[in-house]
Amino acid sequence: MTFAHVAGELIDASVALGAAYVLALPLAWEREERTAAPVGLRTVPLVSVGACAYVLISRYLYEQGIYDADGLARTLRALMTGIGFIGGGAIVKHVRDVRGIATGAAVWNTGAIGASVAHGL
């Protein structure tokens, strides 16, 4: 593997991670400005970047022959489950109402943004 190849991969990964961050900002801004939710400008982009990073790692392992196509699907499935668990933590049931459903959905959709960017979509 040449230096140019490694540098190219590093640049591609950096662009993808930056795009995941930027594409999550509108949702983060909306959560920060319109709601009193604890999830906002810090959390939402980090979820997107983290999801992007894990899918990029999975794709790299696939390209190196360490993973097969099923490994890519397992990574995405585990990522969706983990982010859903984090989003579920934002949902609180009170006596007569439930709060945080939109925040949980925002976190889960943010993970989808990051994973999509990592797959070049």
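The trypsin sites (Lys or Arg not before Pro) of the stretch 1-103 meeting both criteria, a DSSP state outside H, G, I, E and B (loop) and at most 14 other C-beta atoms within 10 angstrom of the site's C-beta, are 42, 96. Remark: spin-label model distance residue 62-residue 105 equals 2.9 nm, labels positioned 7 Å along the Cα→Cβ axis.
Surface composition of the chain: carbon and sulfur atoms hold 66% of the protein heavy-atom accessible area at a 1.4 Å probe. Per residue, the convex hull spanned by the Cα atoms of the stretch 1-109 amounts to 90 cubic angstrom. In units of the rule-of-thumb radius 2.2 N^0.38 Å, the stretch 48-121 shows an alpha carbon radius of gyration of 1.31. For the stretch 1-49, the calculated P(r), taken from all Cα-Cα distances in 5 Å bins from zero up to the bin holding the longest distance, is 4, 23, 20, 15, 11, 9, 8, 5, 3, 1 percent. Taking label positions 7 Å along the Cα-Cβ direction at both residue 93 and residue 4, the computed distance is 6.1 nm, reported to one decimal. Taking a point 7 Å out from the Cα of residue 15 in the direction of its Cβ, the residues of the stretch 103-121 whose backbone N falls within less than 12 Å of it are 120.
The values are calculated or read from the model by the stated rules, or taken from the named source; none is laboratory data. These numbers were taken from a predicted model, which means no experiment stands behind them. Here the Cβ is made from the backbone with ideal geometry for all residues, glycine too, and neighbour counts use every protein chain on show. Heads up: the accessible areas ignore ligands, DNA and RNA and are worked out on the full protein's heavy atoms, side chains in. Shrake-Rupley method; radii C 1.70, N 1.55, O 1.52, S 1.80 Å.
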